[in-house]
Amino acid sequence: MKLDIIAFTSRGAVLAEKLLQLHPSSSATVPNKYCTGKLQPLDTIQDWTRSHFQTGRTLVFIGAVGIAVRAIAPLLKNKATDAAVICIDENGESIIPVICGHIGGANQTARNLAGDLGGRVIITTATDLNNLFAIDEWAARNNCAITDPSAIKHISAALLDKKEVGFRSDFPIIGELPPSIADNPSAEYGIEIALKSTTPFPVTLQIVPRIIVAGIGCRRGVPYELLEKKLLKTLEQYDIPVDAVGLIATIDLKSNESGLLALQDKLNVGLVDFSAEELMRAQGEFEHSEIVLRITGTDNVCQRAVVCSGAKLFTGKIAEDGMSVALGILDWAVDLLA
């Protein structure tokens, strides 16, 4: 787990240091007088919260819930983009997910932290309390995007009211459907898992699996804005939503390219890179470029990188203005009980 931890008391600082030892990829910030080891000095709570709220990491406040609520309140926008926030008392006895329990994974992270500390999780989300299927938590756990988070409350309310929720998928289904989820096209509320929605229910929650791999090659110094424009244009050409992109693949020579890193950050996706030798070993038919071969050691970056990532290539090399893009799709199936 990657956590951004803040504590305010001496006992809280001790707990923060313990969590930092358990999760070394995390950060921990405390008042100056408690700084030891890798604990960072605190300026103001407001500045700390503002600077960490958009990192994509879980924020952990060690202290009163009220402190956390007041700190995050001005920053809240919607459950799809807000940071997951957890509050822990300074004794490590109570672990409370404050926001983004499902989409942001705060509930599961809190359970993991309870295991670390021997504390108890205090869950307040209704679906969890009633042992009902939480589609937003499932989506986050299975690397899927929710195109309209406002529909989540309707699905959850239907399940709480013991109404049947319809289900449609463009992908193979593994195992059974959860209770109250059924292949019922006449249902008022329903869940659709597809790259492109057909809106099969009056109230449809669309889930988009992030299974598209974007292979990208570019000349040095191409700005992020041009890379984004090129990728979006390519996705539109093949009628693929940007939400479906889950991975960028490229050559290792471009692993530190600022434009690619900015694009990765903007899309909140993974980035993998391969050596020229690895790319040349990829099996398949690829468009050949002598210029690219002379500069990089491989005759094709974008298409070969897609194949090396394990995806099935479904486009050619689309080149323009020193950039090349190819798209692939990963094999995927739906298991709602996973």
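The values are calculated or read from the model by the stated rules, or taken from the named source; none is laboratory data. Bear in mind the structure is a predicted one, so any value in this text is a computation, not a measurement. All Cβ positions, glycine included, derive from the backbone under ideal geometry; neighbour counts span all protein chains shown.
Number of residues in region 211-234 that are within 29 Å of K153 (Cβ to Cβ) and either in contact with a helix residue (DSSP H, G or I) (Cβ under 6 Å, 6 or more places away or on another chain) or surrounded by fewer than 19 Cβ atoms within 10 Å (Cβ to Cβ) (or both) equals 1. Of the residues making up region 307-338, those that are at pLDDT below 95, of a type in the set (A, V, I, L, M) and either touching a strand residue (DSSP E or B) at 6+ places or on another chain (Cβ under 7 Å) or not assigned by TED's automatic domain parsing to the domain that holds E228 (or both) are I318, M323, L336, L337, A338. Residue pairs whose Cβ atoms lie under 6 Å apart, sitting 6 or more positions apart in sequence or on different chains, and linking a residue in region 189-209 that is among the hydroxyl-bearing types (S, T, Y) to a partner that is not in a loop (DSSP other than H, G, I, E, B), are Y189/H154; Y189/I155; Y189/A158; Y189/V165; Y189/V203; S197/Q206; T204/G190; T204/E192.
Looking only at residues in region 85-104 that are among the aliphatic types (A, V, I, L, M) and modelled with pLDDT of 95 or more, the one that is nearest to I152 (Cα to Cα) is V98.
Scanning region 26-66 for residues that are out of contact with any helix residue (DSSP H, G or I) (no Cβ under 7 Å at 6 or more places or on another chain), in a helix (DSSP H, G or I) and among the β-branched types (V, I, T) yields one hit, V65. Only a single item in (1) modelled with pLDDT under 90; (2) assigned by TED's automatic domain parsing to the domain that holds V65 is not met by F133, and it is number (2).
The condition of being under 29 Å from K77 (Cβ atoms), among the charged types (D, E, K, R) and at pLDDT below 90 holds for D148. Scanning region 224-265 for residues that are farther than 18 Å from S197 by Cα, touching a strand residue (DSSP E or B) at 6+ places or on another chain (Cβ under 6 Å), small (G, A, S) and touching a residue at least 24 places away in the same chain (Cβ under 8 Å) yields one hit, A249. Taken over region 83-100, the criterion of being crowded, with 19+ Cβ neighbours inside 10 Å and either of a type in the set (D, E, K, R) or in contact (Cβ under 8 Å) with a residue 60 or more places away in the chain (or both) is satisfied by I88, G92. If you go through region 184-214 and keep only what is more than 19 Å from the chain's Cα centre (by Cα), of a type outside the set (F, W, Y) and either assigned by TED's automatic domain parsing to the domain that holds L247 or closer than 30 Å to L327 by Cβ (or both), you end up with G190, I191, E192, K196, S197, T198, T199, P200, T204. Residue count for region 108-126, restricted to those that are surrounded by fewer than 21 Cβ atoms within 10 Å (Cβ to Cβ) and in a helix (DSSP H, G or I): 8.
Remark: L15 falls outside the filter, which requires a residue to be of a type outside the set (V, I, T), surrounded by 18 or more Cβ atoms within 10 Å (Cβ to Cβ), under 19 Å from the mean Cα position of the chain (by Cα) and modelled with pLDDT of 90 or more.
A single member of A158, A134 is of a type outside the set (S, T, Y), more than 30 Å from K18 (Cα to Cα) and crowded, with 21+ Cβ neighbours inside 10 Å, and it is A134.
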